[in-house]
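To start, the structure under review is shown below, and the notes come after it.
Here, each number is a calculation from the coordinates, and none is a lab measurement. Please read all numbers here as calculations on a predicted model, not as lab measurements. So basically every Cβ, Gly included, is an ideal-geometry build from the backbone, and we count neighbours across all protein chains shown.
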């Protein structure tokens, strides 16, 4: 029974010291501790949500990057194909032009050749007639230098005519 | 076969060693039991140990008691009395008409005695006894220790960078503080209003936990049965009661005097339900008071009973004292571990139930 009877003195001192402990700890212990814990948790939550947001953004960026890279690849491929086609066209055009030029040069050359040939022929003809005249003159002169043989030849001609 | 026996022996070797050490160390207990008086009164020893006392008993050597005398402060018939408890000579003598009672309700309390120094004065008026008893000293000590510990921790928190990992004492106490906040306050009261009750809940948790643990320490300044004293648990329960009703909101009072959803004939003209609700408001802290007191006192009594067993059997026969002491010591070690668990558990339960009462006092309107 004596165990169950609260004692006035102990109740008084207990109430006083517990009250003091409560007030002191409330002000100097629990307030700063809970404040720091609260702040830390807020910071953690913020860091966590930041991390999640950044992760999301990173994944967005990654998909963006892949699409951009794909687009760029495609564009590059297009540009290369275009360039190649252009180059081919240019080469083909150049070849065509070269061929044309070559053929035109060839035809001009032919014409010139023809012309020069004609001119040469003309000149040759001219000189040939002069030469042949000169030769003929010389031959004739040679022929006519030998009077006896000419006379014999004329007499033989005349003999033939006389027979007829 | 041989190998397996050796391995079994090796695996149990540490426990055999431990038990041997315990047995050897506990043998002198039997010698102490033998040196004591032959008529050992276990009941008196146990009750005296769990009760409050005007002196702090340290130890006995032979027939001589060594104890720290504490101040006795009395107000009797308007006159103050202040003297050291050594004047009572361990309760065997009276001083200026006061003595320590030995019987019934006044056992262990200062009473007015007649001139013979023994007989209680039947006409004595009420003595206002504000003595600094053993439990008061223990309360002062644990209060000072609590303030020292947690004000230091609070300082280290206000200095620290909030990102820094706690070290030392904060590292040990932070999980407990978070436990009280998350598993007690937020659980029982809810996110909206738990904050106003946090200082009280943390203080009451650590006060009970520390005093429970100090009660397990058998040497000064531990060993006082503070949380197993009804006065202490009464004050704690009153703090819970007043805190509950100080912060109680409109819904709580409406629930008490005009419970919604209940037929009117239960409230008027005979207010059956309000009476029940009001009784409940007092029964709740009363149960808190009894639960903590009974658990802690019972634990102390079990430990003291087991210890007394050595002395009881030792006073019958010295051999029985020797025989029982190792068994008792092994049980006592187990019990002390159990008491560490109970220390935490009772602090948790008191705090949790207080938090539940606070939660009921501040419900959301319309609940």
Does the stretch A:46-55 contain any residue that is under 24 Å from residue B:197 (Cβ atoms) and within 14 Å of chain B (Cβ to nearest Cβ)? no
Just checking, how many residues over the stretch B:154-208 are part of a loop (DSSP other than H, G, I, E, B), in contact with a helix residue (DSSP H, G or I) (Cβ under 9 Å, 6 or more places away or on another chain) and closer than 29 Å to residue B:248 by Cα? 2
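Here are some residues: A:21, A:11, A:16. Which one is more than 8 Å from chain B (Cβ to nearest Cβ), surrounded by 14 or more Cβ atoms within 10 Å (Cβ to Cβ), closer than 30 Å to residue B:173 by Cβ and more than 60 Å from the chain's Cα centre (by Cα)?
A:16
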Which numbered condition residue B:228 misses (of (1) touching a residue at least 60 places away in the same chain (Cβ under 8 Å); (2) more than 9 Å from chain A (Cβ to nearest Cβ); (3) not in a helix (DSSP H, G or I)): (2)
Residue satisfying all of: in the stretch B:91-112; within 26 Å of the chain's Cα centre (by Cα) and either farther than 22 Å from residue A:5 by Cβ or in contact (Cβ under 8 Å) with a residue 40 or more places away in the chain (or both); farthest from the other protein chains (Cβ to nearest Cβ) among these: B:100
For residue B:181: the one exception among (1) within 11 Å of chain A (Cβ to nearest Cβ); (2) within 25 Å of residue B:135 (Cβ to Cβ): (2)
Scanning for something farther than 26 Å from residue B:209 by Cα, facing chain A (nearest Cβ under 9 Å) and within 23 Å of the chain's Cα centre (by Cα), does the stretch B:115-137 turn up at least one residue? yes
Can residue B:223 be described as surrounded by 13 or more Cβ atoms within 10 Å (Cβ to Cβ) and at positive phi? yes
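So, residue B:211, is that one within 11 Å of chain A (Cβ to nearest Cβ), buried (at least 24 other Cβ atoms within 10 Å of the Cβ), under 13 Å from the mean Cα position of the chain (by Cα) and in a loop (DSSP other than H, G, I, E, B) or not?
No.
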